[in-house]
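The values are calculated or read from the model by the stated rules, or taken from the named source; none is laboratory data. Small disclaimer: the values here were computed from a predicted structure and weren't measured. FYI the Cβ positions are ideal-geometry reconstructions off the backbone, even for glycines, and counts take in every protein chain you see. Ligands, DNA and RNA are stripped out before the accessible areas are found, and what is left, the full protein with its side chains, is counted by its heavy atoms. Shrake-Rupley method; radii C 1.70, N 1.55, O 1.52, S 1.80 Å.
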Amino acid sequence: MSYARHTRIALTATAAMLAATPAAADGVSIGIHGRVGTICRVEVGGPPAPRFEVGETRLGRMTELCNNVDGYRLVLSHPVGLQDAWMVVDGQRIPISPTSSTTVIVDSHGPAAREREVGIVLSSAATSLDLTLRAEAKGAVF
């Protein structure tokens, strides 16, 4: 079958379907399904702390975004041995584990896009502190 003939048959079939659609419009439903790639990220913006004092040090504004239907976690990586230390997320204190190098500071059960103020509370001053924040999607990742 030639390309031109094949194209004419396809166009004729399409035209016939379009002509029939309005007559059956009352009982027709159309579903559109798609799959979007998983986006899961966190950023903290603000001026760097020159020194971590005893008490609360403001770290800035945290922007979190995750479109995973099963939710996500925000995990703080920190030095082992921080005693009496907390992350502060919008005024809520989350204890930092003194025996582990990671602490979950947010555990969401669904997708979200949020901005929050974050800080850290320390019981002893530090000139530097290696902190890393990462977002981890739960469940299936596309």
| Mind checking whether some residue in segment 39-50 is among the acidic types (Asp, Glu) and either without any contact (Cβ under 8 Å) to a residue 24 or more places away in the chain or more than 24 Å from residue 94 (Cβ to Cβ) (or both)? | yes
| Across segment 123-142, which residue is nearest to the chain's Cα centre (by Cα) among those that are closer than 16 Å to residue 65 by Cβ and open to solvent by 70 Å² or more (accessible area, probe 1.4 Å)? | 134
| query | Among the residues of segment 74-96, how many are part of a strand (DSSP E or B), open to solvent by 20 Å² or more (accessible area, probe 1.4 Å) and among the aliphatic types (A, V, I, L, M)? | reply | 1
| Every residue from segment 40-73 that is aliphatic (A, V, I, L, M), over 14 Å from residue 110 (Cβ atoms) and part of a strand (DSSP E or B) | 42, 44, 59, 62
| Do we find a residue being assigned to a loop (DSSP other than H, G, I, E, B) and open to solvent by 30 Å² or more (accessible area, probe 1.4 Å) anywhere in segment 114-122? | no
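Do we have residue 64 as out of contact with any Cys (no Cβ under 7 Å at 6 or more places or on another chain) and open to solvent by 30 Å² or more (accessible area, probe 1.4 Å) here?
Considered against the rule, which asks whether it is out of contact with any Cys (no Cβ under 7 Å at 6 or more places or on another chain) and open to solvent by 30 Å² or more (accessible area, probe 1.4 Å), residue 64 comes out as no.
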| task | Determine whether segment 97-106 contains at least one residue that is open to solvent by less than 60 Å² (accessible area, probe 1.4 Å), of a type in the set (Ser, Thr, Tyr) and out of contact with any strand residue (DSSP E or B) (no Cβ under 8 Å at 6 or more places or on another chain). | result | yes
